[in-house]
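Notes to accompany the following structure.
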Amino acid sequence: MAVCARLCGVGPARGCRRRGSQRKGAAGDSSEADTDPEEGSGGGGGALADEEEDASEERIEGPTPSQASPLSLLELPPELLVQIFGSLPGTDLPNLALVCSAFRRLLKTDTIWRRRCHEEYGVCENLRKLEITGVSCRDVYAKRINPRVKSGRFMKILPDYEHMEYRDVYTCLLHRYRHILGLWQPDIGPYGGLLNVVVDGLFIIGWMYLPPHDPHVDDPMRFKPLFRIHLMERRSATVECMYGHKGPHSGHIQIVKKDEFSTKCNQTDHHRMSGGRQEEFRTWLREEWGRTLEDIFHEHMQELILMKFIYTSQYDNCLTYRRIYLPPRSPDDLIEPGLFKGTYGSHGLEIVMLSFHGKKAKGTKITGDPNIPAGQQTVEIDLAHPIQLPDIENLSNFSELSRIVLEVQEQVRREQQQEEESGQEEKGQNEELPPGNSENPPGATGGDEAEAPAEEEGAAAQAASPCPFVLPGGIASRNEDYPRTCRACFYGTGLIAGHGFTSPERTPGVFVLFDDDRFGFIWLELQSFSLYSRIKVSFQNAEAPSQEAFDEMLKNIQLLTS
């Protein structure tokens, strides 16, 4: 009885509407069975456990045979309306509350909003039982930022969830900041970055993902929070900057437009350390590279590291972010596209996005360096030109591999020249012919297109049979622990440039596919080898709406650094 009364939420005057209507229906008094839901019985019955609420919602009884079928939603039992309303998108519920006062009263039921928070944003925490469930959001600062401090110390900074409602969490936090969920690239000059904004517990947190320490490309990604948003008061969301080592402090987020937002720290003094810039640099170096400056003997590498620290620290977490998408997947793709971490010599490990575009595959930098900045296409693979490597004895000879690659490069150049000439001839012929009288009617295929399936079948056959692989002598590699067998090799080009992205040019190379999660690229001109390993993280809210939207995104991030 108490469960039904609480779900109805309509005053204690007449008892439970559902049971009352059943008794009256059995007595044959149909006129009283159609009582206005606004005059039903009330929300007494005391506080119940969430388990009892859930159990009561599952035991919804249908109308008795003597009851007439309801003619409108208003005649349905309130507990059934709660189930119906809870299955609707949260964005539709405010309009539903305008229908009548009965609906508006029912939509104050926290069970409805708890379900919307869980189904739309993955919130699993129980506002009434945080001390029992472990509260992942409480651990965000206590354990992930400063593991030496006990979590109990930070209980005072948590909101008073006991008097908070899921409707406030949904409307004032999750729905308000829904546009910043997903993957973003910060505008940090040539260095870029990867930010993942997620719902974590009862917080929205921006996690900056960092590659593992050089050259351990197979190690998992590192991550640290840059900001978090939560409800400190019932209807007011609070933005806190998490940058630095003094704990959360006041910040601000501005949503510039649909696919862009900016962050600002209001207390940048929290980013400073007592030992000055020298201590800040040592701390940053340990986090970024996992070593001290004395451990890095290469003078050029020391200069690059110091340059990056000076450049990135000046932003003080006041950044602009632009949305990026994960590449769409096609059944014809050589491997699953996605994000990879790769070695780039003295620049350390960087994040690259591998995507497929017909007969081409592209590797786009998500993080970059002063030579090739973030957003640029670092490698391009020609899937129509597989390379047959020599046997293992001859493969160790760099001159032999170089000869094979240069022959394929010349073949590609000739084919491109022929395509340009044939394209000009077709254009001239089409101009002479009357409209609609083209020599190649719709659906007709040329000789090159007819040969394409055979080329793809050859590439697939090569990819299906692993063969021994070893780096030729003279090729420098940051990581000697690369696979010793490969599934396929293709001709490709790599982008190289001087400092400041000066004199960029594409040079020939070899794309080496090892397995579903690793590939490499041999830079012939640089005589170096880059090893790439997949980032195995399940990113949410990062799917591209369409192939066109993904291509447009790639174009935009490339233009920013061109």
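The values are calculated or read from the model by the stated rules, or taken from the named source; none is laboratory data. From a predicted model like this one, the values you see are computed outputs, not experimental measurements. Cβ placement follows ideal geometry from the backbone for every residue including glycine, while neighbour counts extend to all protein chains displayed. With ligands, DNA and RNA removed, areas are computed over all heavy atoms of the protein, side chains included. Shrake-Rupley method; radii C 1.70, N 1.55, O 1.52, S 1.80 Å.
Need the full-extension length gain, SER236 to SER503, defined as separation in residues times 0.36 nm minus the C-alpha distance. One decimal, nm.
Values: separation 267, 0.36 × 267 = 96.12 nm, distance 5.14 nm.
So the chain would gain 91.0 nm between SER236 and SER503.
Computed over protein heavy atoms with a 1.4 angstrom probe, the accessible surface ordering of ARG116, ARG323, ARG329, ARG291, largest first, is ARG329, ARG291, ARG323, ARG116. Counting Lys and Arg as +1 and Asp and Glu as -1 over every other residue whose Cβ lies under 14 Å from the Cβ of ARG534, the net charge comes to -3.
What Kirkwood hydrodynamic radius, in Å, does the range 205-250 give when the mean of 1/r is taken over all pairs of distinct Cα atoms and then inverted?
On the way: mean 1/r = 0.0807 Å⁻¹.
One over the average 1/r among Cα pairs gives 12.4 Å for the range 205-250.
Overall, the accessible surface of the range 280-339 at a probe of 1.4 angstrom is composed of carbon and sulfur to the extent of 51 percent.
Applying the Kirkwood pairwise sum to the alpha-carbon positions of the range 235-316 produces a hydrodynamic radius of 14.8 angstrom. Sorting CYS124, CYS172, CYS117 by accessible area puts them as CYS124, CYS172, CYS117; the probe is 1.4 Å, largest comes first, and only protein heavy atoms count.
Fully extending the segment from ARG222 to SER101 would add 38.5 nm, taking 0.36 nm per residue of separation and subtracting the current Cα-Cα distance.
Normalising by residue count, the range 174-216 has a Cα convex hull of 84 Å³ per residue.
Label sites at SER274 and LEU73, each approximated as a point 7 angstrom past Cα along Cα to Cβ, lie 6.1 nm apart.
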